[in-house]
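A quick write-up on the structure given underneath.
The values are calculated or read from the model by the stated rules, or taken from the named source; none is laboratory data. These numbers were taken from a predicted model, which means no experiment stands behind them. Neighbour counts run over all protein chains shown; Cβ positions are idealised from the backbone, glycine included. The area values use the complete protein model at the heavy-atom level, side chains included, leaving out ligands, DNA and RNA. Shrake-Rupley method; radii C 1.70, N 1.55, O 1.52, S 1.80 Å.
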Amino acid sequence: EYMGEPSRMRLATLVLVQVLLPLVVGDECCWCGKRYYQGTPSLPHADYVDVNPVEGVVVLSKSFYLAEEQLEVMTFVHGDGSDTYKIDISADSEKATFALHQPSARINQTTIYRTSISMHLQPNTTTTVNWILSAPSRIIASGTLNLAVAPSIEFLNRIGAVRIVYRKQDSSRYLERFSEHTNGAQPFFPFGYYISWPLIQQDLTQINRTIGNILHPVSPFSGLDTVEIAVSASAAANFPWMYDMRHNTDNLTSITEQVLRFRENSGIMSWYIADEPDGAGNTEGLPIGMAPTVVEAAYRLIQQLDPYHPVSLVLNCKYSAPFYTGFTDILMVDPYPVGIKTDFCSDMYGCCGCDDCTGNVTDVSDRMDFVGSLISYSKPIHFVGQGFGDGQHWTGAPTSQQFRIMTYLGFMHNNEAGISYWIQGDNDYPLLQDAIVLYKQLSQLIPTTYSENSIATPIIPLLPSPNVHASAWFNPDTLLAVAVVCNVANETVSGVSVRFTNFTVLAAGVDVLFEEQPRMIEMLRGQFEDMVPLPPLGIRVYSVMVNDQRNMGDALLTTQAKQ
């Protein structure tokens, strides 16, 4: 059973492109807590309680939330949450007690709470956090954690440092990077793709041909001396790495060696410590790939060694996020819905390649919204998109239009930390060419969607239509608003009517972006109608100058689909 908060719109930004390979089942017993084969004893779906049965408190890292004065915690208790619980917590000589009320989620026999508490942690320190979880008649659990708190990047002037910044105006987040190529710390919108390490190793010029502004070479690597040459070349080209240590998650000695060697190199953007640890299990006692406690050890170590770069990992399963989200700074999600073979899986067995998916492009938006609600929006989410399809779990790759609309859906729904693609093939693979177009388009939107003062707001449908997804952003510094409308249906929408609410329109018309011929639509009393039909899986992007009225509680735009 899932009990989540109502989904709410979050800022959609940071894009990354990934090149992945199809999942390999091998002889593993399970995927996402389910048996592979029909007729074998069933497992409770996603029963991570069996893997991490300890009740207690997970303190979500403050390392990068320098604008916050809140310490975020997630609490796990067994049972239905009918008891009354409280947490006593102390940090930096401050003490506080707070009660746990409304659960954020309930998964099988575990009830999960997420709470914020004011704790003024000092920068440039390692803070000891002590906590006690109790019920009225008993102490359930207690613990101690050393929490790294990163100092101000502006103060340190540390080239290559990256932090996650909290926006108080709409409770969203964005990334900043301090680069020798920019004037101080600037909002950073990564876009790139997972790329074969042998390709980089054999030809360093591939770095300069990379789509976007970030690299993710897939480990294992062949010697750290060779890696250092490539990382330094990437730094010179301003293509920092999401540094992949997926094969070293449980090897703390190797992690220490790599982080100490590269943490001062401006060719590092973040540390990638686990690839679908919630996925394939290998033993009867462990129905997933890697227990959260193993991931936690790697995460805490990197926090101590390098508080200047965030840690990331990617999850595949629908319900696993609460059990791992405390051990990453950027939570990546990789639904791959197109072409899945749903006849080989059910709620109790099988692996379709996309956990609990229907095979539609809206699996992307559904998963982004669901995971955000499931973890109470406690960490920025990064979307990993599907750019492959021929394999054991898929009948074929996405079409160009499916690829593009999944990108926009991943961009629009609860995305604060990026979009990656797992793209199949070499530089001539057609979807890689689509990624080039998408990078150009999204880069044009970034100054509006991803600035320090950007405001993300949903478009409220006047006539609700499940087939039309819409989002809007406003930058009060440039007075520019951007709206994106997607038709996820298999039939044409005859037109779209859009009205601005509580904003004064400063332009005579609205520019329609990214079409073959430039087009402007006349604005009349804050409303316009686009009568050009929106085809199946069609995307429409609008841009207009508006006057900031600072009505944060109201929608920027309303829209109506013309049927």
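State which residue is nearest to the chain's Cα centre (by Cα) when the search covers only segment 271-288 and only residues that are at pLDDT below 70 and open to solvent by 10 Å² or more (accessible area, probe 1.4 Å).
Initial filter on segment 271-288 (at pLDDT below 70): 281-288.
Checking the rest, the ones that are also open to solvent by 10 Å² or more (accessible area, probe 1.4 Å) come to 282-287.
On the way: 282: 27, 283: 29, 284: 31, 285: 30, 286: 26, 287: 24 Å.
Filtering first and then ranking leaves 287.
Under the condition of being at pLDDT below 75, under 21 Å from residue 412 (Cβ atoms) and not hydrophobic (A, V, I, L, M, F, W, C), which residue from segment 522-563 is surrounded by the most Cβ atoms within 10 Å (Cβ to Cβ)?
559
Tell me, yes or no, whether segment 198-207 has at least one residue that is assigned to a loop (DSSP other than H, G, I, E, B) and over 25 Å from the mean Cα position of the chain (by Cα). Spell out the reasoning first.
Kept after step one, since they are assigned to a loop (DSSP other than H, G, I, E, B), are these residues of segment 198-207: 203.
Among the residues that remain, those that are also over 25 Å from the mean Cα position of the chain (by Cα) are: 203.
The answer is yes; a qualifying residue exists.
Restricting the search to segment 85-95, which residues are at pLDDT below 85 and either closer than 21 Å to residue 376 by Cα or in contact with a strand residue (DSSP E or B) (Cβ under 7 Å, 6 or more places away or on another chain) (or both)? Before the answer, list the steps.
Step one: list which residues in segment 85-95 are at pLDDT below 85, which gives 91-94.
91, 92 - these are the residues of segment 85-95 that are at pLDDT below 85 and either closer than 21 Å to residue 376 by Cα or in contact with a strand residue (DSSP E or B) (Cβ under 7 Å, 6 or more places away or on another chain) (or both).
Do any strands (runs of 3 or more DSSP E) lying entirely in segment 306-409 carry at least 1 residues that are at pLDDT below 90 and touching a strand residue (DSSP E or B) at 6+ places or on another chain (Cβ under 9 Å), and which ones are they? Before you say what the answer is, go through the steps one by one.
Details: elements: 311-315, 330-333, 381-387.
In segment 306-409, there are no strands (runs of 3 or more DSSP E) which contain 1 or more residues that are at pLDDT below 90 and touching a strand residue (DSSP E or B) at 6+ places or on another chain (Cβ under 9 Å).
Just give me the residues in segment 153-181 being open to solvent by less than 60 Å² (accessible area, probe 1.4 Å), modelled with pLDDT under 75 and not acidic (Asp, Glu), in sequence order.
Of everything in segment 153-181, those that are open to solvent by less than 60 Å² (accessible area, probe 1.4 Å), modelled with pLDDT under 75 and not acidic (Asp, Glu) turn out to be 153, 171.
Would segment 457-470 turn up any residue that is surrounded by 14 or more Cβ atoms within 10 Å (Cβ to Cβ), more than 26 Å from residue 358 (Cβ to Cβ) and modelled with pLDDT of 80 or more?
Taking segment 457-470 first, the residues surrounded by 14 or more Cβ atoms within 10 Å (Cβ to Cβ) are 457-461, 465, 467-470.
With the extra rule that they be more than 26 Å from residue 358 (Cβ to Cβ), the set shrinks to 457.
Filter once more, keeping what is modelled with pLDDT of 80 or more: none.
The answer is no, given that none of the residues of segment 457-470 is surrounded by 14 or more Cβ atoms within 10 Å (Cβ to Cβ), more than 26 Å from residue 358 (Cβ to Cβ) and modelled with pLDDT of 80 or more.
If you scan segment 198-238, which residues turn out to be within 12 Å of residue 269 (Cα to Cα) and at pLDDT below 90? Before you say what the answer is, go through the steps one by one.
Going through segment 198-238, the residues within 12 Å of residue 269 (Cα to Cα) turn out to be 213-216, 231, 234-235, 238.
213, 214, 215, 238, listed by residue number.
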